[in-house]
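Peer 1: Questions regarding the structure given below will be posed in turn.
The values are calculated or read from the model by the stated rules, or taken from the named source; none is laboratory data. Not measured: the values here are computed from a predicted model. Here the Cβ positions follow ideal geometry from the backbone for every residue, glycine too, while neighbour counts run over all protein chains shown.
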Amino acid sequence: MWLIVTEKNQTAKRIAQILFGSFQTKKKYGVNYYLNGDACVVGLKGHVVEYDFPPEYNDWKRVELKSLLNARIVRVVKEKSIVRLLEELAKKADRVTIATDYDREGELIGLEAVQIIKRVNPDVRIDRVKFSAITPEEIRKAFSSPGKINVNLAKAAETRQIIDLLWGAVLTRLISLSSGRLGRDFLSAGRVQSPTLRIIVDREKEIREFKPEPYWEITAKFERGVEAKIPRRFKDKEEAKRVYEKIGDGVVKSFEEVERVEKKPIPFNTTEFLKEASKFMPPDKAMAIAENLYINGYISYPRTDNTVYPQSLNLKKLVKMFLGSEFDKEARIALEDMKPSRGKKETKDHPPIHPTALAERKELSKDEWIIYELIVRRFLATLAPDAVWMVRKAEIISGGEKLVASGKELIKSGWRAIYIYSKAEDVFLPKLRVGERLKLLSKKLHEKKTKPPSRYSTSSLIKLMEKLNLGTKSTRHEIIRKLYSRGYVRGNPVKPTETAFSVVEALKKLYEPITLPDMTAKLEEDMNKIEEGKVDPKLVVKESVEFLRRVLESADKEELSKILSEGINKDKIVGSCPECGGNLVVKKAKGRFVACSNYPDCKFSLPLPQKGSLYVTAKTCKEHGMKFVRIKPKKGKSWEFCPYCSYLSWINR
């Protein structure tokens, strides 16, 4: 029997359709598999085994943290039904083809399957197929020339899993035990998570500590629609007033008009894709949708660092696929030039993300269409002509002062007619003659203040993580999702909670390198060396163990507890007690409620919903001055309310 193993059930079914046309769907142990004669395709569920500590290390309170560093890491079967079926099918196989996604994680998933299969059928022939799109052409081509499992690639992913397990377990248990936050509300920390959180917290500190300074600007409107400004800020108000008083009619000192080319965007790799997709939805959701589109054959593999289309990719054929579709106009623009843009990163594993099949709007959900359209428009834009602007600039002398006027006009849309996600706005400035006199119509002295740095959006954070080598293309969106789920950050742009401040401060006090990207970036480099066969994985793991040992040796649990408790308590404050002025705090004692910090002297309290995750928001009730509380149920949409308004509404029903 020929056994084909894929990463997911949906992929297994699609590959069976492409290879065999017709097939039987069978089910055993609750797992589907697909038969055609003597061939069988079965899908896994990602990693069917995972690394963990032995059961005796599960009691956080009793297990000494240092013992985790000496523990024997074991592999635990997490998908027992799939493993059972895989073993049963493997006994009958004389050939096994691994068809998991081709990247580190996919290679490890494939190797895990091979190890399970070899236990029951040690002499079976194993091969490996690689593809970048689940389309008939790609799949048939891949299966026509199979290769071998890349063990070093899988070992790099395996090493990362072990290191992340060690870092996550040691740091998470340390800060959770120190803070008393256990169970569902535990505090997490990790190799990538902690430096990322520090970046967000440090930016918020800059914002909080920023002291705005006043400055003044002078603008003027002249006849013929000319708007100009003095190209400097005035820090002294009196000086600004003196200059302002002098401004009158102007004379054109210089005028230039030049064409400027605006280059088309580069192809999508994972980081560029998530940066753009984050404008519409959380990055983890965007990636999940992209993976589903890939499995269904609509787009290429969405996990790639590549920003250069390979010569083997028939770009013209892909563009022509959209003629007569909803993207007909855009496809025709792309066909005018057909000179693809290039990014700086070029890899050989997968091409940049691009459409592989034509989809109609009605075939996809609303969110799927948003992502599909984004990928189609980006692909077509990377092949279209560059945009061209007519840029104009004038210098005007008025009252002895130089004013500058500028304008721009899009004279050739090029790629901008396709990629509709960035605005191209004209700024009017007429053609002027040197020496031309312009009558002053109005002038204005603007009083302004310097602004603090802006918070990171999820898209700019992903880009910065890539720059600092924090995480990988496959994990960055998951790290950000985890920061939200643990209650460390809220909103987009991203704002840290007080708990986040305390966790970062505690980790800095504990051992500051935990919160810096340097160690994590080095580990990412080590993963590359493992993949290339240049470093022994055991040495890389040993280095992390020794690093964590130094962390534990320097730990002052009392100091950690103090720092963490302060931040956690701040995040629980809802407002001031209307009866005594104390702090109203979210508490747990046989249920969840808001109570006064001066209890038992003050017994004011407010009820709260008992189910769903709860956190105190920054939004304040105008009537009662209390912060809104948000409830996020396991299913359905989250909702927020003022606890006092809710209570009064309830008693007055």
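Peer 1: Could you grab me the full set of residues in the range 328-380 that are β-branched (Val, Ile, Thr) and out of contact with any Gly (no Cβ under 7 Å at 6 or more places or on another chain)?
Peer 2: Once the filter is applied, which keeps residues that are β-branched (Val, Ile, Thr) and out of contact with any Gly (no Cβ under 7 Å at 6 or more places or on another chain), the range 328-380 yields Ile333, Thr347, Ile353, Ile370, Ile371, Ile375, Val376.
Peer 1: Quick one: which helices (runs of 4 or more DSSP H) lie wholly within the range 459-546 and hold at least 3 residues that are modelled with pLDDT of 90 or more and under 25 Å from Ser178 (Cβ atoms)?
Peer 2: Filter on the range 459-546 gives 476-485, 498-511.
Peer 1: When you scan the range 437-450, do you find a residue that is exposed (fewer than 12 other Cβ atoms within 10 Å of the Cβ), out of contact with any strand residue (DSSP E or B) (no Cβ under 9 Å at 6 or more places or on another chain), closer than 29 Å to Pro214 by Cα and not basic (Lys, Arg), even just one?
Peer 2: So far as the range 437-450 goes, no, none of its residues is exposed (fewer than 12 other Cβ atoms within 10 Å of the Cβ), out of contact with any strand residue (DSSP E or B) (no Cβ under 9 Å at 6 or more places or on another chain), closer than 29 Å to Pro214 by Cα and not basic (Lys, Arg).
Peer 1: I need every pair where a residue in the range 625-653 that is in the same structural domain as Gln610 (by TED's automatic domain parsing) has its Cβ under 7 Å from the Cβ of a residue that is in a helix (DSSP H, G or I), sequence separation at least 6 or different chains.
Peer 2: Pairs found: Met626/Pro643; Met626/Tyr644; Val629/Pro643.
Peer 1: Moving on to the next point. Give the residues of the range 384-423 that are of a type outside the set (A, V, I, L, M, F, W, C) and in contact with a helix residue (DSSP H, G or I) (Cβ under 7 Å, 6 or more places away or on another chain), sorted by residue number.
Peer 2: Across the range 384-423, the qualifying residues are Pro385, Asp386, Gly399, Gly400, Glu401, Tyr419, Tyr421.
Peer 1: Next question, about the same structure. Quick check on the range 147-163: of everything there that is touching a Lys or Arg at 6+ places or on another chain (Cβ under 6 Å) and not small (Gly, Ala, Ser), which residue is surrounded by the fewest Cβ atoms within 10 Å (Cβ to Cβ)?
Peer 2: Lys148
Peer 1: Looking only at the range 182-223, how many residues end up being out of contact with any Gly (no Cβ under 6 Å at 6 or more places or on another chain), buried (at least 18 other Cβ atoms within 10 Å of the Cβ) and not hydroxyl-bearing (Ser, Thr, Tyr)?
Peer 2: 15
Peer 1: Among the residues of the range 619-646, which ones are among the β-branched types (Val, Ile, Thr) and loosely packed, with under 15 Cβ neighbours inside 10 Å?
Peer 2: Thr620
Peer 1: Taking the condition of being among the β-branched types (Val, Ile, Thr) and surrounded by fewer than 18 Cβ atoms within 10 Å (Cβ to Cβ), how many residues in the range 352-390 meet it?
Peer 2: Number of matching residues: 2.
Peer 1: Name every residue in the range 556-573 that is modelled with pLDDT under 85 and not acidic (Asp, Glu), in order of residue number.
Peer 2: Within the range 556-573, Lys557, Ser565, Gly567, Ile568, Asn569, Lys570, Lys572 qualify.
Peer 1: Still on this structure: Can you confirm whether the range 63-75 contains a residue that is among the hydrophobic types (A, V, I, L, M, F, W, C) and more than 30 Å from Val551 (Cα to Cα)?
Peer 2: Looking through the range 63-75, none of the residues is among the hydrophobic types (A, V, I, L, M, F, W, C) and more than 30 Å from Val551 (Cα to Cα).
Peer 1: Also: Applying the selection to the range 572-611, what residues are without any contact (Cβ under 8 Å) to a residue 24 or more places away in the chain and either in contact with a Pro (Cβ under 9 Å, 6 or more places away or on another chain) or closer than 24 Å to Arg486 by Cβ (or both)?
Peer 2: Asn583, Val585, Lys587, Lys588, Ala589, Gly591, Arg592, Phe593, Pro609, Gln610, Lys611
Peer 1: Which members of the range 294-318 meet the condition of being in contact with a strand residue (DSSP E or B) (Cβ under 7 Å, 6 or more places away or on another chain) and either crowded, with 24+ Cβ neighbours inside 10 Å or among the polar types (S, T, N, Q) (or both)?
Peer 2: Tyr298, Ile299, Ser300, Pro302, Thr304
Peer 1: Any idea which residue in the range 340-351 is modelled with the highest pLDDT, counting only those that are of a type in the set (Lys, Arg) and surrounded by 13 or more Cβ atoms within 10 Å (Cβ to Cβ)?
Peer 2: If we take residues in the range 340-351 being of a type in the set (Lys, Arg) and surrounded by 13 or more Cβ atoms within 10 Å (Cβ to Cβ), then Arg342 is modelled with the highest pLDDT.
Peer 1: Quick check on my filter: what residues within the range 98-139 are assigned to a strand (DSSP E or B) and in contact with a helix residue (DSSP H, G or I) (Cβ under 9 Å, 6 or more places away or on another chain)?
Peer 2: If the condition is that a residue be assigned to a strand (DSSP E or B) and in contact with a helix residue (DSSP H, G or I) (Cβ under 9 Å, 6 or more places away or on another chain), then Ile98, Ala99, Ile126, Arg128 are the ones that fit.
Peer 1: Right, another one. Determine whether Ile397 is within 30 Å of Phe322 (Cα to Cα), in a strand (DSSP E or B), more than 17 Å from the chain's Cα centre (by Cα) and not assigned by TED's automatic domain parsing to the domain that holds Glu360.
Peer 2: no
Peer 1: Moving to a separate point now. Can you give me the number of residues within the range 591-618 that are more than 19 Å from Cys577 (Cβ to Cβ) and either modelled with pLDDT of 90 or more or exposed (fewer than 12 other Cβ atoms within 10 Å of the Cβ) (or both)?
Peer 2: Count: 4.
Peer 1: Restricting to the range 257-310, give me the number of residues that are of a type outside the set (Gly, Ala, Ser) and in a helix (DSSP H, G or I).
Peer 2: 17
Peer 1: Turning to a different aspect of this structure: Quick one: count up the residues across the range 160-215 that are closer than 21 Å to Asn569 by Cβ and of a type in the set (A, V, I, L, M).
Peer 2: Final tally of qualifying residues: 9.
Peer 1: Looking only at the range 423-442, count how many residues are more than 16 Å from Val388 (Cβ to Cβ) and assigned to a loop (DSSP other than H, G, I, E, B).
Peer 2: Residues meeting the conditions: 11.
Peer 1: Residues Glu245, Glu227, Glu238: which one is assigned to a strand (DSSP E or B), surrounded by fewer than 22 Cβ atoms within 10 Å (Cβ to Cβ), of a type in the set (Asp, Glu) and out of contact with any His (no Cβ under 6 Å at 6 or more places or on another chain)?
Peer 2: After applying the criteria, what remains is Glu227.
Peer 1: Out of all the residues in the range 199-220, is one or more of a type in the set (Gly, Ala, Ser), closer than 30 Å to Glu346 by Cα and either under 23 Å from the mean Cα position of the chain (by Cα) or not in a helix (DSSP H, G or I) (or both)?
Peer 2: No, every residue in the range 199-220 fails to be of a type in the set (Gly, Ala, Ser), closer than 30 Å to Glu346 by Cα and either under 23 Å from the mean Cα position of the chain (by Cα) or not in a helix (DSSP H, G or I) (or both).
Peer 1: Turning to a different aspect of this structure: Need pairs with beta-carbon distance below 7 Å; first residue assigned by TED's automatic domain parsing to the domain that holds Asp94 and within the range 109-131, second in a loop (DSSP other than H, G, I, E, B) and among the polar types (S, T, N, Q); sequence gap 6+ or separate chains.
Peer 2: Ile109/Thr100; Gly110/Thr100
Peer 1: Considering each residue of the range 310-321, count those that are hydrophobic (A, V, I, L, M, F, W, C), out of contact with any His (no Cβ under 8 Å at 6 or more places or on another chain) and under 23 Å from Lys263 (Cα atoms), and give that number.
Peer 2: Going through the range 310-321 one residue at a time, the tally reaches 2.
Peer 1: Sticking with this one: Looking only at the range 15-56, filter to residues that are among the charged types (D, E, K, R) and out of contact with any strand residue (DSSP E or B) (no Cβ under 8 Å at 6 or more places or on another chain); which one of those is nearest to Ser132 (Cα to Cα)?
Peer 2: Looking at the filtered set, the residue picked out is Lys28.
Peer 1: Quick one: which of Arg62, Arg84, Arg72 is over 27 Å from Phe131 (Cβ atoms) and in contact with a Pro (Cβ under 8 Å, 6 or more places away or on another chain)?
Peer 2: On inspection, the qualifying residue turns out to be Arg72.
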